[in-house]
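A.B. asks: Sharing a structure here in structure tokens format.
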Amino acid sequence: MQDAAHSPDPLADILRAMRLTGGVFLEASFTSPWCVLSHVEPGDCAGFLPLPRHIIAYHYVCAGQLALQVDGEKPVHAQSGDIVILPRNDRHRIGSNLLSEPLDVNDLFEPGEGSDPARLVYGCAASADTRFFCGFLGHDQSSDPLISALPRVLHLRLADAAASDWIESSLRFASSRRPALEENGDSGMSSAMLGKLAELLFLQAVRRYLQDPLAPATGWIAGLRDPMVGRALALMHSDQEEARTWTADALARAVGLSRSAFAERFTSLVGDPPMRYLTQRRLQQAARRLAESADPIARIAEEAGYESEPAFHRAFKRVYQVTPAGWRKQHANL
């Protein structure tokens, strides 16, 4: 088993297990005043493979400033060098004046020329006072507890101007090279660059949120903040072979606690006993495998930690109210 001291960053481990992919699909240039309604649709990611089932949207501000608001929330104000992230891809209003009538983005859309991404332009692009990239992080975990626990909007401000310039140039380089690389059969390089850069920015934004004393101190976020429980969560979310065989005793030893102390600490912070949480996690993974693969149900049951297929059937139906075969039929190719 792994030693808890060998991985001091459970948040990075959890994001790694999510297998995030990323891309930049749009560059926007606006001259004030302006306002648009924004929501990343699957079609916006059509040039990126594999096509994500679930989307984390983000806007990276290259120049100027903007405001962003999700219904029912206070506006977030961002400036050059800031990134605004929407973990659950909420529809939002974005602009220099959120009270003005939204522009029709279809009238502003300009297809990308050559290897450049598509653009939204309002006013003169050369003299625009606000420029930003629109991008996404894709993942395939519909009920990921980290995504569910985060606020609807994350705002990361980068104080280092040199870092801001580097991020902008990296996003521009990777997004502009993607189509050319795809034509040459080498799409992996650019996709990997964009995915890793966006993942690092998302990681930093989540880390800042965890350090915010005003952020909620209960539930899954509280567990992640705790060194012992956070490490246990990372181990439970790992895609490694040993993650399929974790027991309460083994997890307690891995984080350096007795079984009773670990169970009490985990339950008080996360809200579920460790093995119940782990069972739910394994069934979520199994549900995803059933929808996305043609692997035999018996193999998926074994990978989920069940010694027999009937036991897996009973546990799966208890949670999802349908058999594994029924779930596969309902969700395949969605």
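The values are calculated or read from the model by the stated rules, or taken from the named source; none is laboratory data. Note that this is a predicted model, so its numbers are computed, not measured. Here Cβ is always computed from backbone atoms with ideal geometry, including for glycine, and neighbour counts include all displayed protein chains.
A.B. asks: Out of curiosity, is GLU309 among the acidic types (Asp, Glu), over 24 Å from HIS54 (Cβ atoms) and in contact with a Phe, Trp or Tyr (Cβ under 9 Å, 6 or more places away or on another chain)? Before you say what the answer is, go through the steps one by one.
C.D. replies: On the way: among the acidic types (Asp, Glu): yes; over 24 Å from HIS54 (Cβ atoms): yes; in contact with a Phe, Trp or Tyr (Cβ under 9 Å, 6 or more places away or on another chain): no.
Taking the combined requirement at face value, the residue does not satisfy it.
A.B. asks: If I go through segment 273-299 residue by residue, how many of them are touching a Phe, Trp or Tyr at 6+ places or on another chain (Cβ under 8 Å) and over 23 Å from LEU51 (Cα atoms)?
C.D. replies: Result for segment 273-299: 6.
A.B. asks: Given the criteria acidic (Asp, Glu) and in contact with a helix residue (DSSP H, G or I) (Cβ under 7 Å, 6 or more places away or on another chain), does ASP44 qualify?
C.D. replies: no
A.B. asks: For segment 293-301, does any single residue satisfy the condition of being of a type in the set (A, V, I, L, M, F, W, C), in contact with a helix residue (DSSP H, G or I) (Cβ under 9 Å, 6 or more places away or on another chain) and in contact (Cβ under 8 Å) with a residue 60 or more places away in the chain?
C.D. replies: Among the residues of segment 293-301, not one is of a type in the set (A, V, I, L, M, F, W, C), in contact with a helix residue (DSSP H, G or I) (Cβ under 9 Å, 6 or more places away or on another chain) and in contact (Cβ under 8 Å) with a residue 60 or more places away in the chain, which makes the answer no.
A.B. asks: So in segment 152-175, with the set limited to residues that are part of a helix (DSSP H, G or I), in contact with a helix residue (DSSP H, G or I) (Cβ under 9 Å, 6 or more places away or on another chain) and not aliphatic (A, V, I, L, M), which one is modelled with the highest pLDDT? Explain how you work it out, then say what you get.
C.D. replies: First pass over segment 152-175, keeping only residues part of a helix (DSSP H, G or I): 161-175.
From what is left, the residues that are in contact with a helix residue (DSSP H, G or I) (Cβ under 9 Å, 6 or more places away or on another chain) are 167, 170-171, 173-175.
Checking which are not aliphatic (A, V, I, L, M) leaves us with 170, 173, 175.
Details: SER170: 74, PHE173: 70, SER175: 62.
Within segment 152-175, the match that is modelled with the highest pLDDT is SER170.
A.B. asks: Quick check: anything in segment 34-42 at pLDDT below 95, more than 25 Å from GLU110 (Cβ to Cβ), in the same structural domain as HIS155 (by TED's automatic domain parsing) and under 15 Å from the mean Cα position of the chain (by Cα)?
C.D. replies: Scanning segment 34-42 turns up no residue that is at pLDDT below 95, more than 25 Å from GLU110 (Cβ to Cβ), in the same structural domain as HIS155 (by TED's automatic domain parsing) and under 15 Å from the mean Cα position of the chain (by Cα).
A.B. asks: Just to verify a result, which residue in segment 111-122, among those that are out of contact with any Asp or Glu (no Cβ under 7 Å at 6 or more places or on another chain) and modelled with pLDDT of 90 or more, is farthest from GLY43 (Cα to Cα)?
C.D. replies: Here the residue is TYR122.
A.B. asks: Taking into account only those residues within segment 1-33 that are of a type in the set (Asp, Glu) and farther than 16 Å from ASP226 by Cβ, which is modelled with the lowest pLDDT?
C.D. replies: By that ranking, first place goes to ASP3.
A.B. asks: I need the strands (runs of 3 or more DSSP E) fully contained in segment 54-129, keeping only those with at least 1 residues that are out of contact with any Ser or Thr (no Cβ under 6 Å at 6 or more places or on another chain) and basic (Lys, Arg).
C.D. replies: Counting at least 1 such residues, we get 92-95, 118-122.
A.B. asks: When GLY271 is evaluated against the numbered criteria (1) modelled with pLDDT of 90 or more; (2) surrounded by fewer than 15 Cβ atoms within 10 Å (Cβ to Cβ), which criterion, by number, is the only one it fails?
C.D. replies: (1)
A.B. asks: Let me ask something else about it. Using beta carbons and a limit of 7 Å, which pairs, at least six apart or on different chains, have the first residue in segment 108-136 and more than 11 Å from PHE25 (Cβ to Cβ) and the second one in a helix (DSSP H, G or I) and modelled with pLDDT under 85?
C.D. replies: From residues that are more than 11 Å from PHE25 (Cβ to Cβ), the pairs are SER115/SER176; SER115/ARG177; SER115/PRO179; SER115/ALA180; ASP116/SER176.
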